[in-house]
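Take a look at the structure below.
Quick note: the coordinates plus some simple rules give every number you see, no bench work behind them. On a predicted model such as this, the values are computed, not experimentally measured, just so you know. Backbone-built Cβ (ideal geometry, glycine too); neighbour counts: all protein chains shown.
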Amino acid sequence: MMKSLLVAAASVAVLAIAPAAGAADIEGPVRELVDSQVRGWISDPVVVDAVMAPNAKNAGLTQAVIEALDQQWRAETSASAKPLIDETLANQLSGYLKNVKNGSQGLYTEIFVMDNKGLNVGQSDVTSDYWQGDEEKWQNTYGAGPDALLIGEVEQDESTQRFQTQVSLPVVDPADGQVIGAVTIGVDVESLTQ
């Protein structure tokens with residue numbers, strides 16, 4: 001009984017502290033994670049080549065086509081047939097990102113990579129939409145230069161009941177230092193700060 005009370009009290013204490021934590025409180029550990037791990041695996045040829053291919057292929061896409069693709073993706077998230085989602089999840093980059101996520105031992109909760117238009121190129125898990133180009137995670141990284149870093153607010157994930165943040169940064173072509181896309185990583189803050 002006493003052990004149960006202590007465990008419950010410790011859980012309440014963690015929950016009372018974690019919501020107060022914000023991006024500024026985890027900036028140091030996030031920057032260390034990005035510098036020690038993330039920049040390495042996002043410069044892998046699997047990632048770089050996967051981003052460069054749609055950059056070339058989709059150069060002429062209009063905004064109307066981009067929005068139609070996004071609508072298709074959103075509809076597919078609740079449909080039985082998911083051709084666009086299935087194609088994305090089956091590509092080599094998505095397999096690579098799933099392996100990175102699984103190898104993180106719970107530190108990464110999701111990973112998705114976007115091209116120069118903000119369209120998903122690969123992902124570890126299905127996202128709610130296909131086009132991220134209208135969101136801060138792409139706008140404040142892709143267009144902000146190779147050293148950009150966006151750390152989101154710490155929020156409790158409804159499904160896991162754990163606290164996490166989204167960390168976004170540009171994908172850079174190591175050959176010439178040019179920004180070619182962006183990546184967003186869900187980071188379990190509790191794992192990061194242990």
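If you place +1 on the Cβ of every Lys and Arg and -1 on the Cβ of every Asp and Glu, how big does the dipole about the Cα centre of region 23-192 come out, in debye to the nearest 20?
Once rounded to the nearest 20, the dipole reads 440 debye.
Percent of alpha carbon pairs in the chain separated by more than 22 Å?
49
Run the reach check for residue 82 against aspartates and glutamates, Cα to Cα strictly under 19 Å, same-chain hits fewer than 8 apart removed. What comes back?
In chain and number order, the partners are 67, 70, 125, 129.
Sort 115-127, 86-98 for me by packing, meaning the mean count of neighbouring Cβ atoms within 10 Å per residue, highest on top.
The packing order, highest mean first, is 115-127, 86-98.
Show which lysines lie in cross-link reach of residue 117 when reach means a straight Cα distance below 17 angstrom and same-chain residues fewer than eight apart are skipped.
57, 137
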